[in-house]
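Quick notes on the structure that follows.
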Amino acid sequence: MNKPKRKRKKHAMTRRDRAGYLFTLPFILGLLLIFLPCLVNLFCFSFSEIQVLTGGGGYALNFTGISYYRKALLEDPKFNRMLVELLSSTLVQTPVILIFSLLVASILNQKFRGRTLARMIFFIPVVVSTGVIAYVQNNWVSIMTVSGMGNALTGGEGAGLQELLSQVDVGQGLISVVVTAASGLNKIIRSAGMQIFVLLAALQEIPDSMYEAAKVEGCSAWECFWKITIPSVVPQIIICGVYTLISIFTATDTPIYEYISTQEFVNNQLSFAAAMNVLYLMVVGFCILIGAGVIKLAGRNGRRG
Amino acid sequence: MKRLNRSKGGTVLLFLFILVMGFFCAFPMILIIGNSLKGVTELWKFPPTVFPKNPTLKNYRDMFQAMAGTLVPFSRYLMNTVVITVVGTLGNVIFGSMAAYALCKLRFPGRNRIFSLIVKALMFNATVTAIPSYIIMSNLGMVDSLWAIILPALGSTLSLYLIKQFMEQSIPDSLLEAARLDGASEWGVFWRIVMPNVKPAWCTAILLSVQALWNSSPNVLIYSEEKKTMSYVMGQISASGLSRAGVSAAVTVLMMSVPILVFIFSQNQVLKTMAASGMKE
């Protein structure tokens with residue numbers, strides 16, 4: 001059975017196949033010329049000692065085996081811990097972000113005055129999120145309550161103005177609880193903009209007639225949400241889940257990234273950093289695979305139920 | 001979720017929720033705009049004020065003054081950033097949509113493998129590949145040219161991913177077959193049928209790409225002063241310590257105004273297209 005099939009495939013380089021290759025050509029070229037060599041280099045670096053050649057420039061690699069991996073996993077005091085911390089916070093953040101964005105998207109999907117403005121406001125964190133504004137977006141809760149404006153504008157950590165708190169009569173504990181809660185909420189909102197938008201678009205694709213029919217059949221709003229809304233947006237929830245994971249893992253302001261780039265650029269431990277990068281990528285890839293699988297499974301169950 | 005039977009109290013609660021969340025999103029921007037209009041004394045007040053009591057344009061004047069005194073004429077930095085943003089965005093969105101169309105609708109052998117490779121490329125961020133990419137750029141002879149920033153941006157896979165997912169949802173195969181039967185070439189199908197129908201997707205891709213490229217700062221790949229970007233020189237203007245705090249806010253406002261303008265424009269487009277889309281299977 002296999003043989004004739006294979007034969008047919010070989011002969012049938014149709015016009016459409018050619019178009020397919022042509023259309024993807026820029027990306028294939030990019031992958032082959034830039035992405036893959038990067039990856040290969042990274043792997044080579046992680047398995048060898050890099051020796052920068054003086055004089056003519058360039059570098060030489062001396063094979064060292066898995067010693068840098070061993071260093072990252074067994075000897076380094078920080079890498080393991082940071083990795084676990086990142087993973088555990090991701091485990092909490094991702095579902096919270098997804099639920100939050102679905103909630104906001106379904107409210108924004110309703111008809112009310114000013115909803116265009118409301119939608120734009122929720123997308124702002126996606127549109128402007130670099131430099132000083134990113135710092136303010138991340139830290140405005142503590143800026144307003146604890147540290148003052150100065151640090152925000154100069155982007156530095158600098159002298160906190162925490163002492164001022166002691167002059168306020170409210171209990172320290174209460175303030176810090178409120179600040180922590182608000183900062184957490186802020187973080188979630190800040191990373192949910194894109195997801196809200198994607199889910200909103202998905203919700204708008206659900207025909208009204210579906211809800212009307214359900215209403216006639218006597219479904220409550222709650223039932224409609226679970227039996228119509230959720231199953232219709234499962235594909236987009238998967239996209240959003242993957243997007244969320246990727247944006248968490250590729251953020252450059254996480255402690256683990258700062259640690260790796262310090263090793264790479266400040267301490268010049270190129271091979272060590274490369275090994276950590278490879279390990280990190282493997283963990284990230286694994287997580288994204290599992291994450292997508294879990295969401296897909298949950299979606300299938302939801303559809304069945 | 002449209003107009004279902006819900007109690008008044010529930011409605012009020014939901015909108016209160018939206019109001020609070022919206023406040024969280026909008027507040028940092030308001031704060032920065034307010035700051036850019038504050039004098040030095042007010043800037044350092046604690047607790048901070050949101051709206052300036054004595055608004056002044058001094059920060060903006062200082063900023064323009066600093067812009068006039070840069071090493072290379074300021075227009076040069078601006079031009080570099082504009083070139084990077086426009087070329088990078090156009091290339092990224094067009095190549096991305098082309099590849100998305102092929103991977104989504106043209107069933108050629110090997111496409112799954114290509115797609116999985118592309119998705120894997122999503123996971124990388126610039127730090128991971130910084131050193132290898134420098135070596136590759138150097139091999140390609142592109143160190144210290146704008147292409148060192150543009151070229152990787154062209155291959156940014158996020159837009160491809162977004163557009164492909166959108167195509168899968170919104171373009172029925174039957175529509176493409178109909179167009180082919182009417183004698184459209186693959187390019188014609190792509191450009192005249194598919195692209196108009198996935199406008200929301202590429203509007204979003206344009207927005208994300210502009211946002212990233214407009215703020216791109218030269219890394220190790222560019223060292224000539226005349227090839228550096230606006231975000232770099234703006235960083236220099238605002239990075240002169242505490243006394244420049246107000247100027248820094250002004251710089252931020254100026255830099256974020258462009259992505260916001262693009263957003264306001266494309267947002268309108270996106271909503272219009274979404275409302276008008278009659279493409280349902």
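Just so you know, all these numbers are worked out from the coordinates, no wet-lab data involved. Predicted model only: the values in this text are computed from it and were never measured. Note: ideal-geometry Cβ built from the backbone for every residue, glycine included; neighbour counts use all protein chains shown.
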Quiz item: Between A:L61 and B:E177, how many nm apart are label points set 7 Å from Cα along the C-beta direction?
Solution: 5.0 nm
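Is the C-alpha gyration tensor of the range B:1-150 telling us rounded, prolate or oblate? Criteria: a/c under 1.5 is rounded; beyond that, a/b larger than b/c is prolate, otherwise oblate.
Values: a/c = 2.86, a/b = 1.18, b/c = 2.42.
Taking the square roots of the gyration eigenvalues as a ≥ b ≥ c, the range B:1-150 is oblate.
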Quiz prompt | Amide H partners (placed H, <5 Å) of A:S48, local residues excluded | solution = A:T64
Self-check item: Cα gyration tensor, the range B:76-130 - rounded (a/c under 1.5), prolate or oblate
Solution: oblate
Practice problem: Please give, to one decimal in nm, the separation of the simple spin-label points placed at A:F43 and B:T49, each 7 Å out from Cα toward the Cβ. | Solution: 6.1 nm
Exercise. Give a quick list of GluC sites (Glu not before Pro) in the range A:216-274 that DSSP marks as loop, anything other than H, G, I, E or B, with at most 13 other Cβ atoms within 10 Å.
Key: A:E217
Exercise. Among the trypsin sites (Lys or Arg not before Pro) in the range A:31-113, which ones are in a DSSP loop with at most 16 other Cβ atoms within 10 Å of the Cβ? Mind listing them?
Key: A:K78, A:K111, A:R113
Self-check item: Of B:V20, B:V40, B:V86, the one that fluctuates the most in a GNM where chain B has Cα springs shorter than 10 Å
Solution: B:V20
Quiz prompt | Phi-based couplings in Hz for the range B:162-174 (Karplus 6.51, -1.76, 1.60; Gly and Pro marked x) | solution = 4, 5, 4, 4, 5, 4, 4, 6, 10, 10, x, 4, 4
Quiz item: Taking 0.36 nm per residue of separation and subtracting the Cα-Cα distance, what length does fully extending B:K120 through B:L16 add?
Solution: 33.4 nm
Self-check item: Residues A:N267 and B:T41, FRET efficiency given R0 of 41 Å [Cβ-Cβ distance, rounded to 0.05]
Solution: 0.45
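What's the FRET efficiency of A:F112 with B:W191 using the Cβ-Cβ distance as r and R₀ = 35 Å, to the nearest 0.05? Let's see the in-between values first.
Values: r = 38 Å, r/R0 = 1.08.
After rounding to 0.05, the efficiency reads 0.40.
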Quiz prompt | Shape box of the range A:44-95 [Cα atoms, principal axes, largest first, Å] | solution = 53, 21, 16
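Calculate, for B:F23 and A:K71, the FRET efficiency according to 1/(1 + (r/R0)^6) with r their C-beta to C-beta distance and R0 51 Å; round to the nearest 0.05.
That gives a FRET efficiency of 0.60.
Compute the Rg to Rh ratio over chain B from the alpha carbon atoms, using the Kirkwood formula for Rh, and round to two decimal places. Mind showing how you got there, number by number?
Details: Rg = 23.3 Å, Rh = 22.3 Å.
With Rh from the inverse mean 1/r over Cα pairs, Rg/Rh is 1.05.
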Exercise. Check the straight Cα-Cα distances from A:K227 and name the aspartates and glutamates below 17 Å, setting aside those fewer than 8 residues away within the same chain.
Key: A:E205, A:D208, A:E212, A:E217
Quiz item: Residue by residue through the range B:56-73, which ³J(HN,Hα) values in whole Hz follow from phi under the Karplus form 6.51 cos²θ - 1.76 cosθ + 1.60 (θ = phi - 60°), with glycine and proline marked x?
Solution: 9, 9, 4, 4, 5, 4, 4, 4, 5, 4, 5, 5, 6, x, 6, 4, 10, x
Quiz prompt | Spatially close lysines, pair count over the range B:63-275: Cα under 20 Å, gap of eight or more or interchain | solution = 5
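Which loop chymotrypsin sites (Phe, Trp or Tyr not before Pro) in the range A:27-130, with loop taken from DSSP, have no more than 15 other Cβ atoms within 10 angstrom of their Cβ? Mind showing how you got there, number by number?
Values: sites: A:F27, A:F35, A:F43, A:F45, A:F47, A:Y59, A:F63, A:Y68, A:Y69, A:F79, A:F100, A:F112, A:F122, A:F123; in loops: A:F47, A:F112.
For chymotrypsin sites (Phe, Trp or Tyr not before Pro) across the range A:27-130 that sit outside H, G, I, E and B with at most 15 neighbouring Cβ atoms in 10 Å, the list reads A:F112.
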Exercise. Determine ³J(HN,Hα), in whole Hz, for all residues of the range A:102-113 in sequence, where each value follows from phi through the Karplus function 6.51 cos²θ - 1.76 cosθ + 1.60 and θ = phi - 60°; x replaces Gly and Pro.
Key: 5, 4, 5, 4, 6, 6, 5, 6, 7, 7, 8, 5
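Calculate, in nm to one decimal, what A:M282 and A:V96 gain on full extension: separation in residues at 0.36 nm each, minus their alpha carbon distance. Show your work: numbers first, answer last.
Working: separation 186, 0.36 × 186 = 66.96 nm, distance 2.42 nm.
Going from the current span to full extension adds 64.5 nm.
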